[in-house]
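Some notes on the structure that comes next.
Nothing in this text is a laboratory measurement; each read-out follows from the coordinates by a stated rule. None of the values given here were measured: they were computed from a predicted structure. Cβ coordinates were reconstructed from backbone atoms using ideal geometry, including for glycine residues, and neighbour counts include every protein chain displayed.
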């Protein structure tokens, strides 16, 4: 058995990257999981860091930071794909965002790079409510967002990771673009209610404007680039274009995607959604 890492996983500490690395390792594969804080380190803004990460790997799971919709992402992905091919990494599976038209150029660049590429466009993650982003607000008992009544088929990051692993290992998915969603479309208010019921506590959903959201994020110390991305997602992507669930997870995995109700029940048992203690 080779001692060289066969798989490179970018975003080792992020929601899907961490899970992809764990699942590949559990299957007995050799994995190099990298981020800006690992050794070797990987930083999208420092191409000189890419060579050490790419050395001796066959396939790569790509998550781009901060988002494929930001200007310049296509050029960076093109440069990375060529670096990967130079090092012998032929199989590239990249996470993208469903409905993000600004990300399509980066997707096409990868598909046309000469690599054996697959694109996974995902809806909003369940784990945004339990691992970061919205977690502090859920814990505090009030989630205020400019989401209105637009439903979204939220998806489990574990399902995304399962799809990524399958696409890394199975050549039948080469050249494909998939849209990964949960089994049902729910509004943010629906999600808040389901989480509250699972956690056995009251959590309010309050509709606000995008300007109010940005001001609140700014007061919480969220950086400007991330605030701009969040505003883009709420103003342009969350407009109903992604409301219909897809069957792509079932197609890839041969099973239905996880429901938000099941995720909420399992997550509530960890205690993560208990009322935040005041300092």
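Here are a few things to note about the model shown:
- The angle between the Cα long axis of helix 15-26 and the main principal axis of the chain comes to about 50°, on a 0 to 90 degree scale.
- Fewest-first ordering of 170, 248 by other beta carbons within 10 Å of each residue's beta carbon gives 170, 248.
- Likely footprinting exposure, 56, 149, fewest C-beta neighbours within 10 Å first: 149, 56
- In degrees, nearest ten, helix 210-219 long axis to first principal axis of the chain (Cα): 80 degrees
- 0 to 90° range, to nearest 10: angle between helix 73-86 axis and the chain longest Cα axis: 40 degrees
- Likely footprinting exposure, 179, 189, 152, fewest C-beta neighbours within 10 Å first: 189, 179, 152
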